[in-house]
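Peer 1: Before anything else, here's the structure in question.
The values are calculated or read from the model by the stated rules, or taken from the named source; none is laboratory data. All of these numbers come straight from a predicted model, not from anything done at the bench. Positions of Cβ are backbone-derived with ideal geometry, glycine not excepted, and every protein chain shown enters the neighbour counts. We work out accessible area using only protein heavy atoms, side chains counted, and drop any ligands, DNA or RNA first. Shrake-Rupley method; radii C 1.70, N 1.55, O 1.52, S 1.80 Å.
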Amino acid sequence: MSEKTSFNQNKNLLLGVTGGIAAYKCADLVRRLKERGFNVRVVMTPGASEFITPMTLQAVSGHPVHQDIFDQAMEAAMGHIELAKWADLLLIAPATANTIAKIVHGKADNLLTTIVLASKAPLMIAPAMNQQMWANSVTQSNIEKLSHSGVTVLGPGAGEQACGDIGAGRMLEPLDIAQQVQSIAYGDKPLTGKKVLITAGPTVEAIDPVRFISNHSSGKMGYAIAKAAKIAGAEVHLISGPVSIGEPFGVQVTRVTSAAQMFDAVKNSVEGVDIFVGCAAVADYSPVEVSCQKIKKNDEEMCLLLKRNPDILAWVANRAERPYVVGFAAESQSLKFYANKKLEKKKLDMICANDICCEGLGFNSEDNQLLLLDKSGEEKLLNVASKEVLAQQIIEQIAMKLNEA
Ligand code: C5P
(Lines give C-alpha, C1' and ligand atoms only; values in the text may rest on other atoms or scores of the structure.)
Protein backbone atom coordinates (compact mmCIF):
# COMPACT_ATOMS: atom_id res chain seq x y z
CA MET A 1 0.00 0.00 0.00
CA SER A 2 1.45 3.36 -1.00
CA GLU A 3 1.91 5.83 1.82
CA LYS A 4 2.29 8.84 -0.46
CA THR A 5 0.00 11.68 0.44
CA SER A 6 -1.56 14.13 -1.95
CA PHE A 7 1.10 16.80 -1.24
CA ASN A 8 3.76 15.25 -3.41
CA GLN A 9 4.94 16.14 -6.86
CA ASN A 10 8.25 14.25 -6.68
CA LYS A 11 10.83 16.88 -5.88
CA ASN A 12 14.51 15.98 -6.11
CA LEU A 13 16.14 15.90 -2.68
CA LEU A 14 19.86 15.54 -2.20
CA LEU A 15 20.60 14.11 1.24
CA GLY A 16 24.05 14.89 2.62
CA VAL A 17 25.13 12.49 5.36
CA THR A 18 28.04 13.57 7.56
CA GLY A 19 30.08 11.71 10.15
CA GLY A 20 28.04 11.54 13.32
CA ILE A 21 26.57 8.56 15.16
CA ALA A 22 23.06 9.64 14.10
CA ALA A 23 24.05 8.70 10.52
CA TYR A 24 22.84 5.18 11.34
CA LYS A 25 19.29 6.59 11.25
CA CYS A 26 19.68 7.75 7.63
CA ALA A 27 18.38 4.50 6.13
CA ASP A 28 15.08 5.17 7.88
CA LEU A 29 15.23 8.85 6.91
CA VAL A 30 15.64 7.96 3.22
CA ARG A 31 12.66 5.61 3.48
CA ARG A 32 10.51 8.30 5.16
CA LEU A 33 11.46 10.86 2.51
CA LYS A 34 10.69 8.44 -0.31
CA GLU A 35 7.32 7.63 1.29
CA ARG A 36 6.55 11.30 0.94
CA GLY A 37 7.32 11.24 -2.76
CA PHE A 38 10.83 12.73 -2.85
CA ASN A 39 13.40 11.43 -5.35
CA VAL A 40 16.33 10.92 -3.00
CA ARG A 41 20.02 10.79 -3.90
CA VAL A 42 22.68 10.51 -1.22
CA VAL A 43 26.07 12.17 -0.82
CA MET A 44 28.28 11.01 2.05
CA THR A 45 31.29 12.70 3.58
CA PRO A 46 34.30 10.45 4.27
CA GLY A 47 33.39 10.42 8.00
CA ALA A 48 29.82 9.31 7.33
CA SER A 49 30.86 5.91 6.02
CA GLU A 50 32.38 5.15 9.45
CA PHE A 51 28.81 5.06 10.79
CA ILE A 52 26.71 3.66 7.91
CA THR A 53 27.74 1.90 4.72
CA PRO A 54 27.20 3.44 1.27
CA MET A 55 25.70 0.07 0.26
CA THR A 56 22.88 0.50 2.80
CA LEU A 57 22.02 3.97 1.54
CA GLN A 58 22.31 2.84 -2.08
CA ALA A 59 19.86 0.02 -1.37
CA VAL A 60 17.25 2.22 0.32
CA SER A 61 17.59 5.19 -2.07
CA GLY A 62 17.77 3.02 -5.20
CA HIS A 63 20.70 5.07 -6.57
CA PRO A 64 24.49 4.90 -6.32
CA VAL A 65 25.81 6.90 -3.37
CA HIS A 66 28.17 9.76 -4.21
CA GLN A 67 31.25 10.11 -2.01
CA ASP A 68 34.29 11.38 -3.81
CA ILE A 69 34.72 14.44 -5.96
CA PHE A 70 37.75 12.83 -7.61
CA ASP A 71 35.95 9.59 -8.55
CA GLN A 72 36.15 9.63 -12.35
CA ALA A 73 33.41 7.05 -12.91
CA MET A 74 30.96 8.85 -10.65
CA GLU A 75 31.82 12.24 -12.09
CA ALA A 76 31.27 10.85 -15.59
CA ALA A 77 27.86 9.43 -14.56
CA MET A 78 26.65 12.49 -12.68
CA GLY A 79 29.20 15.16 -11.84
CA HIS A 80 29.13 17.38 -8.77
CA ILE A 81 27.78 20.36 -10.72
CA GLU A 82 25.07 18.20 -12.27
CA LEU A 83 24.12 16.93 -8.81
CA ALA A 84 24.02 20.49 -7.51
CA LYS A 85 21.69 21.45 -10.38
CA TRP A 86 19.58 18.27 -10.07
CA ALA A 87 18.61 19.05 -6.47
CA ASP A 88 15.42 20.99 -5.73
CA LEU A 89 16.34 20.72 -2.07
CA LEU A 90 19.47 20.02 -0.05
CA LEU A 91 19.14 18.34 3.32
CA ILE A 92 22.13 17.59 5.54
CA ALA A 93 21.27 15.06 8.24
CA PRO A 94 23.06 14.54 10.48
CA ALA A 95 24.95 17.84 10.17
CA THR A 96 28.06 17.76 12.34
CA ALA A 97 29.60 20.86 13.93
CA ASN A 98 32.49 20.45 11.49
CA THR A 99 30.36 20.48 8.33
CA ILE A 100 28.29 23.37 9.70
CA ALA A 101 31.47 25.39 10.27
CA LYS A 102 32.75 24.58 6.76
CA ILE A 103 29.50 25.74 5.16
CA VAL A 104 29.59 28.99 7.13
CA HIS A 105 33.06 29.66 5.69
CA GLY A 106 32.21 28.59 2.13
CA LYS A 107 34.68 25.71 2.13
CA ALA A 108 34.60 23.18 -0.71
CA ASP A 109 36.89 20.45 0.59
CA ASN A 110 34.72 17.41 -0.08
CA LEU A 111 31.90 16.46 -2.44
CA LEU A 112 29.13 17.57 -0.09
CA THR A 113 30.51 20.99 0.81
CA THR A 114 31.33 21.57 -2.88
CA ILE A 115 27.75 20.78 -3.89
CA VAL A 116 26.38 23.07 -1.15
CA LEU A 117 28.49 25.89 -2.57
CA ALA A 118 27.51 25.11 -6.15
CA SER A 119 23.75 24.71 -5.63
CA LYS A 120 20.99 27.29 -5.69
CA ALA A 121 18.59 24.87 -3.94
CA PRO A 122 17.29 25.74 -0.45
CA LEU A 123 19.41 24.16 2.27
CA MET A 124 18.08 22.44 5.40
CA ILE A 125 20.29 21.03 8.12
CA ALA A 126 19.51 18.70 11.02
CA PRO A 127 22.38 19.27 13.47
CA ALA A 128 23.57 16.35 15.58
CA MET A 129 26.39 16.59 18.09
CA ASN A 130 27.38 16.36 21.74
CA GLN A 131 25.45 18.83 23.92
CA GLN A 132 28.61 20.75 24.86
CA MET A 133 29.61 21.11 21.20
CA TRP A 134 26.10 22.37 20.42
CA ALA A 135 26.18 24.81 23.35
CA ASN A 136 29.64 26.12 22.33
CA SER A 137 29.39 29.79 21.37
CA VAL A 138 31.26 29.12 18.10
CA THR A 139 28.64 26.57 17.01
CA GLN A 140 25.82 28.85 18.14
CA SER A 141 27.26 31.76 16.19
CA ASN A 142 27.65 29.50 13.10
CA ILE A 143 24.03 28.40 13.39
CA GLU A 144 22.91 32.01 13.71
CA LYS A 145 24.87 32.95 10.57
CA LEU A 146 23.34 30.06 8.61
CA SER A 147 19.82 30.92 9.81
CA HIS A 148 20.37 34.53 8.77
CA SER A 149 21.42 33.46 5.31
CA GLY A 150 18.19 31.48 4.85
CA VAL A 151 19.28 27.98 5.87
CA THR A 152 16.53 26.09 7.71
CA VAL A 153 17.75 24.50 10.92
CA LEU A 154 15.69 21.46 11.96
CA GLY A 155 16.06 20.81 15.68
CA PRO A 156 18.18 19.59 17.30
CA GLY A 157 16.18 17.64 19.86
CA ALA A 158 17.19 17.14 23.47
CA GLY A 159 17.62 14.03 25.57
CA GLU A 160 20.08 11.27 26.24
CA GLN A 161 23.02 11.22 23.83
CA ALA A 162 25.11 8.36 22.44
CA CYS A 163 28.05 9.54 24.60
CA GLY A 164 25.91 9.34 27.76
CA ASP A 165 25.46 13.12 28.15
CA ILE A 166 22.00 14.59 28.44
CA GLY A 167 21.05 17.82 26.69
CA ALA A 168 20.36 19.49 23.35
CA GLY A 169 22.15 18.16 20.28
CA ARG A 170 20.33 14.96 19.31
CA MET A 171 19.31 14.73 15.67
CA LEU A 172 15.53 14.92 15.31
CA GLU A 173 13.88 11.58 14.59
CA PRO A 174 13.73 10.67 10.86
CA LEU A 175 9.95 10.94 10.85
CA ASP A 176 10.03 14.47 12.31
CA ILE A 177 12.69 15.53 9.79
CA ALA A 178 10.74 14.04 6.87
CA GLN A 179 7.52 15.75 7.96
CA GLN A 180 9.20 19.13 8.40
CA VAL A 181 11.03 18.84 5.08
CA GLN A 182 7.77 17.98 3.37
CA SER A 183 5.89 20.95 4.79
CA ILE A 184 8.77 23.31 3.96
CA ALA A 185 9.20 21.85 0.46
CA TYR A 186 5.57 22.20 -0.46
CA GLY A 187 4.87 25.36 1.54
CA ASP A 188 1.73 23.66 2.78
CA LYS A 189 0.67 25.29 6.03
CA PRO A 190 -3.11 25.26 5.82
CA LEU A 191 -3.59 25.70 9.58
CA THR A 192 -1.44 28.80 10.01
CA GLY A 193 -2.94 31.02 12.73
CA LYS A 194 -5.24 28.25 14.01
CA LYS A 195 -5.29 26.91 17.58
CA VAL A 196 -5.74 23.17 17.91
CA LEU A 197 -6.54 21.31 21.14
CA ILE A 198 -6.13 17.53 21.15
CA THR A 199 -6.76 14.82 23.74
CA ALA A 200 -4.74 11.62 23.45
CA GLY A 201 -3.90 8.36 25.19
CA PRO A 202 -5.84 6.46 27.83
CA THR A 203 -7.09 7.73 31.16
CA VAL A 204 -6.29 5.88 34.36
CA GLU A 205 -8.94 5.68 37.08
CA ALA A 206 -7.64 4.79 40.54
CA ILE A 207 -9.37 2.09 42.61
CA ASP A 208 -6.88 2.23 45.48
CA PRO A 209 -3.20 3.29 45.75
CA VAL A 210 -2.03 0.37 43.58
CA ARG A 211 -4.95 -0.62 41.32
CA PHE A 212 -6.70 1.15 38.51
CA ILE A 213 -9.08 0.88 35.55
CA SER A 214 -7.65 1.80 32.14
CA ASN A 215 -7.35 0.58 28.54
CA HIS A 216 -4.74 -0.29 25.89
CA SER A 217 -4.64 3.07 24.07
CA SER A 218 -1.03 3.89 23.13
CA GLY A 219 -1.69 7.56 22.30
CA LYS A 220 0.07 7.14 18.91
CA MET A 221 -2.85 8.45 16.83
CA GLY A 222 -3.36 11.56 18.97
CA TYR A 223 0.37 12.33 19.05
CA ALA A 224 0.58 11.90 15.27
CA ILE A 225 -2.33 14.32 14.85
CA ALA A 226 -0.59 16.83 17.13
CA LYS A 227 2.57 16.59 14.98
CA ALA A 228 0.65 16.89 11.73
CA ALA A 229 -1.28 19.92 13.01
CA LYS A 230 1.98 21.56 14.11
CA ILE A 231 3.54 20.94 10.71
CA ALA A 232 0.42 22.39 9.08
CA GLY A 233 1.22 25.65 10.89
CA ALA A 234 -1.14 25.43 13.88
CA GLU A 235 -0.47 26.31 17.51
CA VAL A 236 -1.01 22.94 19.14
CA HIS A 237 -1.89 21.96 22.72
CA LEU A 238 -1.96 18.26 23.50
CA ILE A 239 -3.65 16.97 26.66
CA SER A 240 -2.32 13.51 27.19
CA GLY A 241 -3.11 10.58 29.46
CA PRO A 242 -0.20 8.37 30.58
CA VAL A 243 1.71 7.14 27.49
CA SER A 244 5.31 6.27 26.72
CA ILE A 245 5.86 8.46 23.65
CA GLY A 246 8.18 11.45 23.45
CA GLU A 247 6.63 14.91 23.29
CA PRO A 248 6.09 16.13 19.71
CA PHE A 249 8.47 18.90 18.67
CA GLY A 250 7.03 22.41 19.23
CA VAL A 251 3.77 21.20 20.81
CA GLN A 252 2.54 22.28 24.27
CA VAL A 253 1.83 19.14 26.29
CA THR A 254 -0.27 18.87 29.47
CA ARG A 255 -0.04 15.51 31.18
CA VAL A 256 -3.02 14.15 33.09
CA THR A 257 -4.00 10.82 34.61
CA SER A 258 -7.76 10.53 35.13
CA ALA A 259 -10.78 11.48 33.02
CA ALA A 260 -11.66 14.15 35.59
CA GLN A 261 -8.20 15.70 35.22
CA MET A 262 -8.43 15.53 31.43
CA PHE A 263 -11.82 17.24 31.59
CA ASP A 264 -10.43 20.02 33.84
CA ALA A 265 -7.46 20.53 31.51
CA VAL A 266 -9.79 20.79 28.49
CA LYS A 267 -12.07 23.24 30.31
CA ASN A 268 -9.05 25.39 31.16
CA SER A 269 -7.72 25.39 27.59
CA VAL A 270 -10.68 25.36 25.22
CA GLU A 271 -11.24 29.12 25.12
CA GLY A 272 -10.24 30.56 21.73
CA VAL A 273 -9.54 27.14 20.21
CA ASP A 274 -10.41 26.72 16.50
CA ILE A 275 -10.23 22.93 16.28
CA PHE A 276 -10.77 20.28 18.96
CA VAL A 277 -9.78 16.68 18.28
CA GLY A 278 -10.91 14.17 20.91
CA CYS A 279 -8.62 11.26 20.30
CA ALA A 280 -8.23 10.06 23.89
CA ALA A 281 -9.65 6.71 24.94
CA VAL A 282 -11.35 8.20 27.98
CA ALA A 283 -12.42 5.54 30.49
CA ASP A 284 -16.22 5.47 30.49
CA TYR A 285 -16.48 4.81 34.22
CA SER A 286 -14.46 5.46 37.36
CA PRO A 287 -14.85 4.12 40.92
CA VAL A 288 -17.34 6.06 43.05
CA GLU A 289 -14.91 5.84 45.94
CA VAL A 290 -11.13 5.62 45.77
CA SER A 291 -9.81 3.75 48.78
CA CYS A 292 -6.82 5.47 50.39
CA GLN A 293 -5.56 2.11 51.65
CA LYS A 294 -4.82 -0.94 49.51
CA ILE A 295 -8.05 -3.00 49.44
CA LYS A 296 -7.61 -6.41 51.12
CA LYS A 297 -8.72 -9.53 49.29
CA ASN A 298 -10.90 -10.87 52.11
CA ASP A 299 -14.01 -11.95 50.23
CA GLU A 300 -14.57 -14.37 47.38
CA GLU A 301 -16.42 -11.70 45.47
CA MET A 302 -16.25 -7.96 45.61
CA CYS A 303 -18.38 -5.22 44.16
CA LEU A 304 -16.93 -2.07 42.71
CA LEU A 305 -19.42 0.74 42.29
CA LEU A 306 -18.61 2.82 39.21
CA LYS A 307 -19.89 6.18 38.07
CA ARG A 308 -20.07 7.50 34.52
CA ASN A 309 -17.23 9.83 33.53
CA PRO A 310 -17.99 13.14 31.83
CA ASP A 311 -18.07 12.99 28.02
CA ILE A 312 -15.37 15.54 27.24
CA LEU A 313 -15.94 15.53 23.49
CA ALA A 314 -19.71 16.07 23.78
CA TRP A 315 -19.14 18.83 26.33
CA VAL A 316 -16.87 20.72 23.91
CA ALA A 317 -19.29 20.19 21.00
CA ASN A 318 -22.20 21.52 23.04
CA ARG A 319 -20.58 24.80 23.98
CA ALA A 320 -22.12 27.97 22.60
CA GLU A 321 -18.75 29.20 21.27
CA ARG A 322 -17.56 25.89 19.88
CA PRO A 323 -14.54 25.01 17.80
CA TYR A 324 -14.63 22.63 14.83
CA VAL A 325 -15.04 19.32 16.69
CA VAL A 326 -13.59 15.99 15.57
CA GLY A 327 -14.15 12.71 17.42
CA PHE A 328 -13.07 9.11 17.07
CA ALA A 329 -15.17 5.96 17.12
CA ALA A 330 -13.76 2.49 17.63
CA GLU A 331 -16.46 0.03 16.65
CA SER A 332 -16.61 -3.76 16.46
CA GLN A 333 -19.71 -3.99 14.22
CA SER A 334 -21.76 -1.88 11.76
CA LEU A 335 -18.96 0.71 11.67
CA LYS A 336 -20.72 3.36 9.60
CA PHE A 337 -24.05 3.03 11.36
CA TYR A 338 -22.68 3.41 14.90
CA ALA A 339 -20.15 6.08 13.92
CA ASN A 340 -22.92 8.15 12.32
CA LYS A 341 -25.05 7.76 15.45
CA LYS A 342 -22.13 9.04 17.54
CA LEU A 343 -21.55 11.95 15.14
CA GLU A 344 -25.18 13.05 15.57
CA LYS A 345 -25.57 12.33 19.27
CA LYS A 346 -22.40 14.19 20.25
CA LYS A 347 -23.05 16.98 17.69
CA LEU A 348 -19.64 16.54 16.03
CA ASP A 349 -18.41 18.09 12.80
CA MET A 350 -16.42 15.01 11.80
CA ILE A 351 -15.83 11.52 13.14
CA CYS A 352 -12.94 9.18 12.34
CA ALA A 353 -14.19 5.62 12.65
CA ASN A 354 -12.17 2.44 12.78
CA ASP A 355 -13.11 -1.21 12.91
CA ILE A 356 -11.38 -2.68 15.94
CA CYS A 357 -11.85 -6.23 14.65
CA CYS A 358 -9.22 -5.83 11.87
CA GLU A 359 -6.11 -7.62 13.09
CA GLY A 360 -2.96 -5.47 13.32
CA LEU A 361 -4.87 -2.22 13.01
CA GLY A 362 -6.08 0.41 15.46
CA PHE A 363 -5.57 0.22 19.21
CA ASN A 364 -1.93 0.02 20.27
CA SER A 365 -0.67 -0.79 16.75
CA GLU A 366 1.40 1.14 14.19
CA ASP A 367 -1.15 1.20 11.36
CA ASN A 368 -4.80 1.96 11.00
CA GLN A 369 -7.60 2.37 8.47
CA LEU A 370 -10.22 5.06 8.99
CA LEU A 371 -13.59 6.03 7.64
CA LEU A 372 -14.12 9.78 7.96
CA LEU A 373 -17.75 10.85 8.23
CA ASP A 374 -18.78 14.45 8.03
CA LYS A 375 -21.91 16.06 9.49
CA SER A 376 -23.04 16.96 5.94
CA GLY A 377 -23.16 13.23 5.09
CA GLU A 378 -19.89 13.19 3.14
CA GLU A 379 -17.61 10.21 3.71
CA LYS A 380 -14.00 9.40 2.88
CA LEU A 381 -12.13 6.14 3.37
CA LEU A 382 -8.50 6.50 4.40
CA ASN A 383 -6.81 3.25 3.40
CA VAL A 384 -4.44 1.28 5.63
CA ALA A 385 -1.37 3.40 6.39
CA SER A 386 0.84 4.41 9.29
CA LYS A 387 -0.81 6.61 11.90
CA GLU A 388 1.51 9.48 10.84
CA VAL A 389 0.27 9.38 7.26
CA LEU A 390 -3.37 9.05 8.40
CA ALA A 391 -2.90 11.98 10.77
CA GLN A 392 -1.71 14.13 7.88
CA GLN A 393 -4.72 13.14 5.82
CA ILE A 394 -7.09 13.93 8.71
CA ILE A 395 -5.48 17.34 9.13
CA GLU A 396 -5.76 17.99 5.36
CA GLN A 397 -9.43 17.08 5.54
CA ILE A 398 -10.07 19.32 8.56
CA ALA A 399 -8.25 22.22 6.88
CA MET A 400 -10.34 21.74 3.73
CA LYS A 401 -13.59 21.79 5.74
CA LEU A 402 -12.53 24.92 7.63
CA ASN A 403 -11.70 26.66 4.36
CA GLU A 404 -15.11 25.71 2.93
CA ALA A 405 -16.94 27.15 5.97
O1 C5P B 1 -18.69 7.26 23.12
P2 C5P B 1 -17.32 6.82 22.75
O3 C5P B 1 -16.43 6.63 23.92
O4 C5P B 1 -17.26 5.67 21.81
O5 C5P B 1 -16.77 8.05 21.90
C6 C5P B 1 -15.47 8.12 21.47
C7 C5P B 1 -15.10 9.57 21.27
O8 C5P B 1 -15.52 10.37 22.36
C9 C5P B 1 -13.60 9.75 21.19
O10 C5P B 1 -13.36 10.84 20.32
C11 C5P B 1 -13.23 10.08 22.65
O12 C5P B 1 -12.06 10.85 22.72
C13 C5P B 1 -14.43 10.87 23.09
N14 C5P B 1 -14.79 10.71 24.53
C15 C5P B 1 -14.60 11.74 25.41
N16 C5P B 1 -14.98 11.59 26.72
C17 C5P B 1 -15.51 10.43 27.15
C18 C5P B 1 -15.69 9.36 26.27
C19 C5P B 1 -15.30 9.52 24.96
O20 C5P B 1 -14.10 12.79 25.02
N21 C5P B 1 -15.86 10.31 28.43
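Peer 1: Per residue, how much accessible surface does segment 195-404 expose to a 1.4 Å probe? Answer in Å², no decimals.
Peer 2: Details: 10630 Å² over 210 residues.
Per-residue value: 51 Å².
Peer 1: Right, here's the next one. Let me make sure I get this right: for segment 266-319, a, b and c are the square roots of the gyration tensor eigenvalues over alpha carbons, sorted descending. Under 1.5 in a/c it's rounded, otherwise prolate if a/b > b/c, else oblate. Which is it? If you can, show how the numbers build up before the last one.
Peer 2: Numbers: a/c = 3.90, a/b = 3.11, b/c = 1.25.
In terms of gyration-tensor shape, prolate.
Peer 1: How large is Rg/Rh for segment 1-130, to two decimals, with Cα atoms and a Kirkwood Rh? Before the final figure, lay out each step's value.
Peer 2: On the way: Rg = 13.8 Å, Rh = 14.6 Å.
My calculation puts Rg/Rh at 0.94.
Peer 1: What length, rounded to one decimal in nm, is gained on full extension from residue 257 through to residue 138, with 0.36 nm per residue of separation minus their alpha-carbon distance?
Peer 2: In short, 38.5 nm is gained.
Peer 1: Ordered by packing density, taken as the mean number of other Cβ atoms within 10 Å over each peptide's residues, highest first, how do 239-251, 388-400 rank?
Peer 2: Details: 239-251: 17.8, 388-400: 23.0.
Taking the mean over residues of other Cβ atoms within 10 Å, the ranking is 388-400, 239-251.
Peer 1: While we're looking at this one, here's another question. Shape of segment 195-404 from its Cα gyration tensor (a ≥ b ≥ c, root eigenvalues): rounded if a/c is under 1.5, otherwise prolate when a/b > b/c, or oblate?
Peer 2: Working: a/c = 1.72, a/b = 1.54, b/c = 1.12.
Prolate shape, in that a/c is at least 1.5 and a/b is the bigger ratio.
Peer 1: At 7 Å along the Cα-to-beta-carbon direction for both residue 336 and residue 211, put a label point, then send me their distance in nm to one decimal.
Peer 2: Placing both labels 7 Å beyond Cα along the Cβ direction yields 4.4 nm.
Peer 1: I would also like to ask the following. Between residue 383 and residue 274, what FRET efficiency comes out of the Förster formula 1/(1 + (r/R0)^6) with R0 = 35 Å and r the beta carbon distance, rounded to 0.05? Before the final figure, lay out each step's value.
Peer 2: Numbers: r = 28 Å, r/R0 = 0.80.
The formula returns an efficiency of 0.80 here.
Peer 1: Continuing with this model, one more query. Summarise the accessible area of the chain (1.4 Å probe, protein heavy atoms) by the percent that is carbon and sulfur. The partial results should precede the final answer.
Peer 2: Numbers: 9900 of 19430 Å².
The nonpolar share, carbon plus sulfur, comes to 51 percent.
Peer 1: Name the residues of segment 241-260 whose amide N is less than 19 Å from a point 7 angstrom out from the Cα of residue 295 along the C-beta direction?
Peer 2: 258-260
Peer 1: List, largest first, the extents of the alpha carbons of segment 102-143 along their principal axes, each in whole Å.
Peer 2: Largest first, segment 102-143 extends 31, 18, 16 Å along its Cα principal axes.
Peer 1: Next question. Starting from the 7 Å offset along Cα-to-Cβ, what nm value, one decimal, do you get for the label separation of residue 152 and residue 109?
Peer 2: Roughly 2.9 nm, to one decimal.
Peer 1: Which value in Å does the Kirkwood hydrodynamic radius of the chain take, with 1/r averaged over all unlike C-alpha pairs and then inverted?
Peer 2: Working: mean 1/r = 0.0430 Å⁻¹.
Taking the inverse mean of 1/r over all distinct Cα pairs, the chain comes out at 23.3 Å.
Peer 1: Dipole of segment 195-404, Cα-centred, from +1 at each Lys and Arg C-beta and -1 at each Asp and Glu C-beta, to the nearest 20 debye? Display every interim value, and only then the final one.
Peer 2: Working: 24 positive and 27 negative charges, 69 e Å.
Value, rounded to 20: 320 debye.
Peer 1: Just how far, in whole angstrom, is segment 207-239 from segment 54-77 if you go by their alpha carbon centroids?
Peer 2: 42
Peer 1: In whole angstrom, how far apart do the alpha carbon centroids of segment 354-405 and segment 130-205 sit?
Peer 2: After rounding, the separation between the Cα centres reads 26 Å.
Peer 1: Taking the Cα centre of the chain as origin, sum charge times position over the Cβ atoms of Lys and Arg (+1) and Asp and Glu (-1), and report the length of that vector in debye to the nearest 20.
Peer 2: Values: 40 positive and 43 negative charges, 129 e Å.
I would put it at about 620 debye.
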